[in-house]
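The values are calculated or read from the model by the stated rules, or taken from the named source; none is laboratory data. If you're wondering where the values come from, they're calculated on a predicted model, not measured in any experiment. Here Cβ is always computed from backbone atoms with ideal geometry, including for glycine, and neighbour counts include all displayed protein chains. Ligands, DNA and RNA are excluded from the accessible area calculation, which covers all protein heavy atoms including side chains. Shrake-Rupley method; radii C 1.70, N 1.55, O 1.52, S 1.80 Å.
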Amino acid sequence: MKTTMKILEQHEIQPYEVALVYWENEEINYTVGEGHSKLRHGVFLFNEELDYEQVILEKFAFSNALSLSVKLAIWEVTLDSFVESIQSIPEMLKSGQRVKLSRADVMQKIGELFSLRHCINLSSDLLITPDFYWDREDLELLYDKTCQFLNINRRVKVVNEKLQHCTELTDLMRNHLSEKHSLRLEWMIVVLITIEVMFELARVIF
């Protein structure tokens, strides 16, 4: 595994932080015995009578769910960092303070949020069972049981609720800045009209 990792590291694109990779991991023990392969009391049990190819497929089903949990955990950390970066804004709006974010900053926040939402809901297998398991019901059962053990569905629901709240907040920020921009434009128009009236009065009088 370490040899494979060293080979893959040479081709990484935008890798995660090393500390995050070591911190966000999942480990589950396994044993070999009699009976059907299953996840019991937090331990993988593999049927000792299965042939090598079937064992490999079952290990893949288990590890597929584990990797999905790790991927979700990293996105959870990313979302928590995003929430922390905007957590002071509601209080600032509540107290009438000036939001210290430019229009470009707000658009960047919106982009980060939609990128994370896309990763979780569209470009991953968090919401649906992968096509690989459609004609492999026994493997699908192992995959689903592992996902259930790792609370993946519940965690995805919590993440999406946080994403929805953050979306509402960024929309509020964008609307707030848009109103300020519109007000500034209105005042500029008023000033220009006033100057034009003054020039007309000066022309008439003098």
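Quick notes
- Ranking by accessible area, most exposed first, for LYS145, LYS94 with a 1.4 Å probe: LYS94, LYS145
- With the whole protein complex present, ARG154 retains an accessible surface near 140 Å², based on a 1.4 Å probe.
- The chain, dipole about Cα centre (Lys/Arg Cβ +1, Asp/Glu Cβ -1), debye to the nearest 20: 1220 debye
- Between ILE110, ILE120, ILE86, the residue with the greatest mean-square fluctuation in the GNM of the chain (Cα pairs under 10 Å linked by springs) is ILE86.
- With every protein chain in place, the chain: carbon and sulfur % of accessible area (1.4 Å): 58 percent
- Overall form of region 115-181 per C-alpha gyration tensor (a/c, 1.5; a/b vs b/c): prolate
- Top positive-direction residue, dipole computed over the chain with Cβ charges, set TYR16, ILE128, PHE82: PHE82
- Sequence-distant contacts, meaning Cα pairs under 8 Å at least 6 residues apart, place the relative contact order of the chain at 21 percent.
- Going by accessible surface with a 1.4 Å probe and the largest first, VAL191, VAL70 read VAL191, VAL70.
- With every protein chain in place and a 1.4 angstrom probe, the accessible-area ranking of GLU161, GLU24, largest first, reads GLU161, GLU24.
- MET107 - accessible surface, heavy atoms, 1.4 Å probe, Å² rounded to 10: 90 Å²
- Total formal charge among the other residues, if their Cβ is under 11 angstrom from that of HIS36, Lys/Arg +1 and Asp/Glu -1: -2
- Against the chain, whose longest principal axis comes from its Cα atoms, helix 137-149 is set at around 60 degrees.
- Global geometry of region 1-118, whether rounded, prolate or oblate, following the gyration tensor of its Cα atoms and the 1.5 cut on a/c: prolate
- Taking TRP23, TRP75, TRP187 as the candidate residues, the one with maximal mean-square fluctuation in a Gaussian network model of the chain, Cα springs under 10 Å, is TRP187.
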